[in-house]
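Below you'll find the structure, written out as structure tokens, and then a few comments.
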Amino acid sequence: MSRTVYCNGEFLPEEDAKVSIFDRGFLFADGVYEVTSVLNGKLIDFDGHAKRLERSLGELQMASPVTTEELLEIHRKLVAENNIEEGMIYLQITRGNPGDRDFAFPPSDTKPTIVLFTQTANLLHNPKVDQGMKVVSVEDQRWARRDIKTVQLLYPSLAKMAAKAAGADDAWMVEDGAVTEGSSNNAYIVKGGKIITRHLGNEILHGITRAAVLRFAKSAQMEVEERAFTLEEAKEADEAFVTSASTFVMPVVQIDDTPVGTGTPGSVALRLREIYLDEMQKAAV
Ligand code: PDD
């Protein structure tokens, strides 16, 4: 059945939603995006995603075509129209259609393009939680502003394909010997009870799930260290896991050919997943 999507002010059947071939998102990947999960028909951490969207737009000198209140209404209407109990809402905003292809930004009164669509997914009972994920390491060849959530996702897509070709689930990207993050998630290790994850900076996306998970870990008296860690350190860790809006907290049980710890999902990761889901479902809107 056709989904209802949102495109530039209108709710439409997906086959009727159209974007120009001159759109800068298409020609230059000149756009940003957000992904918000839905559990029991409610939005998880909408405020966090809305704030990061604002930041991404600001870093690229793009104006938002909607207010945060309007954005919430659009998300809610898409959940209702598509009967989404569990899944994701994807949002993309681009610098719009200036009419001609030109590297220079178009005049500031060019209307941005805004598109939102839904996808259903089995998020809570994802079978990967029990199995744990296998990751392979790849060189991080992305641009240097990974803190901006842009739609230039070709390198993460290549990394994902490299992982699949190696029989793994995902890739961990490595720069100067240190792990930056997963293809579409933040990366963590646990050593001697301490949770270690890369510090914020331009090298990684500032995960909304990461922020919440670290907050919950600290209030549960778990020790957290935000610093770069090497691939070798990760392979010798007791546990590893990733976080994102679509996987929440997901154990990692193998890095390249090395099992992590016992090679099964770790207790810290599983506990954090439980706390995260409990707390975030209570706060869902
Ligand atoms: N990806 N790092 C990268 C490179 C990401 O693409 C993502 C999210 C994250 C985690 O951020 P958050 O916790 O805010 O989802 C970290 C989304 C889910 C995606 O592209 O589908």
Strands (runs of 3 or more DSSP E) contained entirely in region 1-87, each with at least 2 residues that are buried (at least 17 other Cβ atoms within 10 Å of the Cβ): 4-7, 31-39
Any hit, region 215-228, residues being under 20 Å from LEU39 (Cα atoms) and either within 16 Å of the ligand (Cβ to nearest atom) or within 19 Å of the chain's Cα centre (by Cα) (or both): yes
Of all residues in region 138-176 being in contact (Cβ under 8 Å) with a residue 40 or more places away in the chain and farther than 22 Å from HIS206 by Cβ, the one that is surrounded by the fewest Cβ atoms within 10 Å (Cβ to Cβ): ALA168
Residue under evaluation PRO259, criteria (1) in contact with a Ser or Thr (Cβ under 8 Å, 6 or more places away or on another chain); (2) free of Cβ contacts under 8 Å to residues at least 40 places away in the same chain; (3) not hydroxyl-bearing (Ser, Thr, Tyr), criterion not met: (1)
Subset of region 177-200 [buried (at least 24 other Cβ atoms within 10 Å of the Cβ) and of a type in the set (A, V, I, L, M, F, W, C)]: VAL179, ALA187, ILE189
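Can you tell which of ALA165, ALA178, ALA217, ALA144 is within 19 Å of GLU232 (Cα to Cα) and of a type in the set (Gly, Ala, Ser)?
On the way: ALA165 fails: within 19 Å of GLU232 (Cα to Cα); ALA217 fails: within 19 Å of GLU232 (Cα to Cα); ALA144 fails: within 19 Å of GLU232 (Cα to Cα).
After applying the criteria, what remains is ALA178.
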Residue pairs meeting the criteria (Cβ under 8 Å; at least 6 apart or on separate chains; first within 19 Å of ARG271 (Cα to Cα), in region 196-220; second near the ligand (Cβ under 10 Å from one of its atoms) and basic (Lys, Arg)): THR197/ARG210; ILE208/ARG52
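Any read-out appearing in this document is the output of simple, stated calculations on the displayed coordinates, not a laboratory observation. None of these values were measured; they are calculated from a predicted model. Cβ coordinates were reconstructed from backbone atoms using ideal geometry, including for glycine residues, and neighbour counts include every protein chain displayed.
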